[in-house]
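The values are calculated or read from the model by the stated rules, or taken from the named source; none is laboratory data. Just so it is clear, the model here is predicted, and its values are computed rather than measured. Ideal geometry is used to build each Cβ from the backbone, glycine not excepted, and the neighbour counts take in all protein chains shown. The protein model used for the area step is the full one, side chains on, heavy atoms only, and it has no ligands, DNA or RNA in it. Shrake-Rupley method; radii C 1.70, N 1.55, O 1.52, S 1.80 Å.
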Amino acid sequence: MNEECLICKAPLEYFDADEVMECELCHKKQHSKTRCVEGHFVCDECHTKGMDGVVAICLNSLSTSPIEILEEMMDMPSCHMHGPEHHTMVGSALLTAYNNAGGEIDLKAALLEMQARGRQVPGGACGFWGACGAGISAGMYMSIALKSTPLTEKSWGLSNQMTARALDAIGKNGGPRCCKRDSYLAIMEAIDFTRETLGVDMRPDRISCSRSHLNNQCLQQACPFYPDAGRR
């Protein structure tokens, strides 16, 4: 077993309704639909501990490739095979590459806002909300870059279109969830959508997954990023 329960590596199980669970690491109690088959539960806050390094990676990057930036984040010890950290990482990588490719934003402020918004999307949103957090993160990127609010016009529309594009690509590839695959798909759609609508060219890289051996539910050849089957 790889990258399942953070405590014992046992498989996870999901419930139809929330139950009150106590985090094994911080002992905080919260409602959740997820724990491992041995009864362990780790809250989203503990799962994403150490991810503050994302901001440092972004502020020190000169890359115009969001995939390259994302890969650096994924190599962090605090980034797991699956988890809500991806809900922040996708948007952060896109904001950084957008800034480096000529997009006009206050990068530090944008990254801090991305952290605040991304952390609000819970783990398991892909299955329970019908909206993968990686796709939502791509929409947050567009919203932050364009300073969208519920009362703006064009930026409001573009932010929602961005989320829709990302979720459509993720949904068409099907489940079960893979946070790496879904992050790649969201970023690929964002690269194209940003070029089409904003005229900013972020660098698209060919993607060949190096972490499939860590994913117990890997689709292998059915995944577009399985080694030697990359789309780009």
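Things to note:
- Looking across the stretch 192-228 at every residue that is part of a loop (DSSP other than H, G, I, E, B) and polar (S, T, N, Q), the one that is surrounded by the most Cβ atoms within 10 Å (Cβ to Cβ) is identified as Asn215.
- Only one entry in Gly91, Gly102, Gly124 is of a type in the set (Gly, Ala, Ser) and open to solvent by less than 10 Å² (accessible area, probe 1.4 Å), namely Gly91.
- Filtering the stretch 12-32 to residues that are open to solvent by less than 50 Å² (accessible area, probe 1.4 Å) and under 22 Å from the mean Cα position of the chain (by Cα) leaves only Ser32.
- Consider the stretch 1-11 and keep the residues that are touching a strand residue (DSSP E or B) at 6+ places or on another chain (Cβ under 7 Å) and closer than 18 Å to Pro176 by Cβ. The one that is most open to solvent (accessible area, probe 1.4 Å) is Pro11.
- Only residues that are out of contact with any Leu (no Cβ under 9 Å at 6 or more places or on another chain), outside any helix (DSSP H, G or I) and farther than 10 Å from Pro66 by Cβ were counted across the stretch 88-115, and they come to 3.
- Single match in Gly174, Gly133 (criterion: within 21 Å of Glu4 (Cβ to Cβ) and modelled with pLDDT under 95): Gly174
- Residues satisfying the stated conditions in the stretch 53-66, i.e. open to solvent by 10 Å² or more (accessible area, probe 1.4 Å) and in contact (Cβ under 8 Å) with a residue 60 or more places away in the chain: Val55, Ser63, Thr64
- Near pairs, Cβ below 7 angstrom, 6+ apart or cross-chain, from the stretch 127-146 (open to solvent by less than 30 Å² (accessible area, probe 1.4 Å)) to any residue that is part of a loop (DSSP other than H, G, I, E, B) and of a type outside the set (A, V, I, L, M): Gly133/Pro84; Ala145/Gly103
- Residue list for the stretch 150-188, restricted to those being farther than 24 Å from Asp75 by Cα, among the polar types (S, T, N, Q) and either part of a helix (DSSP H, G or I) or touching a Leu at 6+ places or on another chain (Cβ under 6 Å) (or both): Ser155, Ser159, Asn160, Gln161, Thr163, Asn173
- Qualifying residue in the stretch 35-49 (condition: surrounded by fewer than 18 Cβ atoms within 10 Å (Cβ to Cβ), among the basic types (Lys, Arg), outside any loop (DSSP other than H, G, I, E, B) and more than 20 Å from the chain's Cα centre (by Cα)): no
- Some residue of the stretch 104-111 being aliphatic (A, V, I, L, M), within 16 Å of Ala186 (Cβ to Cβ) and under 15 Å from the mean Cα position of the chain (by Cα): no
- Count - residues of the stretch 212-221 that are more than 11 Å from Arg181 (Cα to Cα) and aliphatic (A, V, I, L, M): 1
- Here His82 passes the criteria (1) at pLDDT 95 or above; (2) open to solvent by 10 Å² or more (accessible area, probe 1.4 Å); (3) within 20 Å of Ile170 (Cβ to Cβ) except the one numbered (1).
- Boolean, Val54 is outside any loop (DSSP other than H, G, I, E, B) and farther than 21 Å from Met142 by Cα: no
- Annotation note: Cβ proximity below 8 Å between a residue of the stretch 97-110 that is modelled with pLDDT of 95 or more and a residue that is exposed (fewer than 12 other Cβ atoms within 10 Å of the Cβ) and outside any helix (DSSP H, G or I) (sequence gap 6+ or interchain) occurs for Asn100/Leu62.
- In the set (1) farther than 18 Å from Met89 by Cα; (2) open to solvent by 30 Å² or more (accessible area, probe 1.4 Å), Glu189 fails one condition alone, (1).
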